[in-house]
Amino acid sequence: MSVDKVVADPADAVADVAPGASLAVGGFGLCGIPGVLIHALLERGAGGLRVVSNNCGVDDWGLGLLLREGLISRMTSSYVGENKEFARQYLHGELEVELVPQGTLAERLRAGGSGIPAFYTPAGAGTWIEGGGLPWRYGADGSVAVASPPKETRVFDGRDHLLEEGITTDFALVRAAVGDRHGNLRFRSSARNFNPLAAMAGRVTIAEVEELVKPGELAPDDIHLPGIFVQRVVPVEPGDPRAEKRVERRTVRVGA
């Protein structure tokens, strides 16, 4: 039986992302972000999105585009330092933010995608993450409207560990270098980052691929994410400006 998961139009691929949906989005900074799908969501205009991603892009690219239009209501991230609009919305009570240690965030996505409801980790023990009280959302007057709850703790080998819950989301948006019509994906170098983990966590995973190949052209050992985790595949058209690979912070060496 042939299983063809290709959706030619990005707008069709995200057409059922409803207001208030939860999304896991791959990428690290601007590396490996699903830019075509993010633009399709921007054009769709569904708001109140609850997004889980390592960061929120920059002010004028990536998830920052959705944030700028007020389409994101909550972010679960590990790093948010490159986006001034993000800081403004958070400090003015317009955006709820759950900050998670980076390794913990990666494992929460992997656990959710693997059917593991929770796990213990030493990361964050003895900090605000354990005791609760981290400001998730501020009020209009600057007070803390929503604070993080305390974590359940347990001692293993004499060391405190925190209970962290796995993450699953309604949808996941990822980007791959190569994919086939069955949804098998291969990522290129550092663009692999959070993409496989985000894909695992989504109940409906949509992958934009730079190169679409026929089933069987990807050798089994070359597949980074099997198609069982992917429901829709969107080919990226060559030269599509929405798929531009920008550099988040360009740094050059000064000549002698």
Quiz item: Taking region 236-256 only, how many residues are assigned to a helix (DSSP H, G or I) and either without any contact (Cβ under 8 Å) to a residue 12 or more places away in the chain or open to solvent by 100 Å² or more (accessible area, probe 1.4 Å) (or both)?
Solution: 1
Quiz prompt | Filter result for the condition that a residue is in contact with a Pro (Cβ under 6 Å, 6 or more places away or on another chain) and open to solvent by less than 20 Å² (accessible area, probe 1.4 Å), over 13, 21, 40 | solution = 40
Quiz prompt | Residues of region 98-114 satisfying the condition of being charged (D, E, K, R) and touching a strand residue (DSSP E or B) at 6+ places or on another chain (Cβ under 8 Å) | solution = 98, 107, 108
Exercise. Having 2 or more residues that are farther than 30 Å from residue 219 by Cβ and open to solvent by 20 Å² or more (accessible area, probe 1.4 Å) is the bar; report the strands (runs of 3 or more DSSP E) wholly within region 103-207 that clear it.
Key: 118-121, 135-138, 144-147, 153-156, 159-165
Exercise. Examine region 141-154 for a residue that is within 19 Å of the chain's Cα centre (by Cα) and at pLDDT 95 or above, and state whether such a residue exists.
Key: no
Exercise. Would you be able to say whether some residue in region 94-109 is more than 30 Å from residue 142 (Cβ to Cβ), within 11 Å of the chain's Cα centre (by Cα) and at pLDDT 95 or above?
Key: yes
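The values are calculated or read from the model by the stated rules, or taken from the named source; none is laboratory data. As the structure is a prediction and not an experimental result, all values here were calculated from the model. Glycine also receives a Cβ, built like all others from the backbone with ideal geometry; neighbour counts cover every protein chain displayed. These area figures cover heavy atoms from the full protein model, side chains too; ligands, DNA and RNA do not enter into them. Shrake-Rupley method; radii C 1.70, N 1.55, O 1.52, S 1.80 Å.
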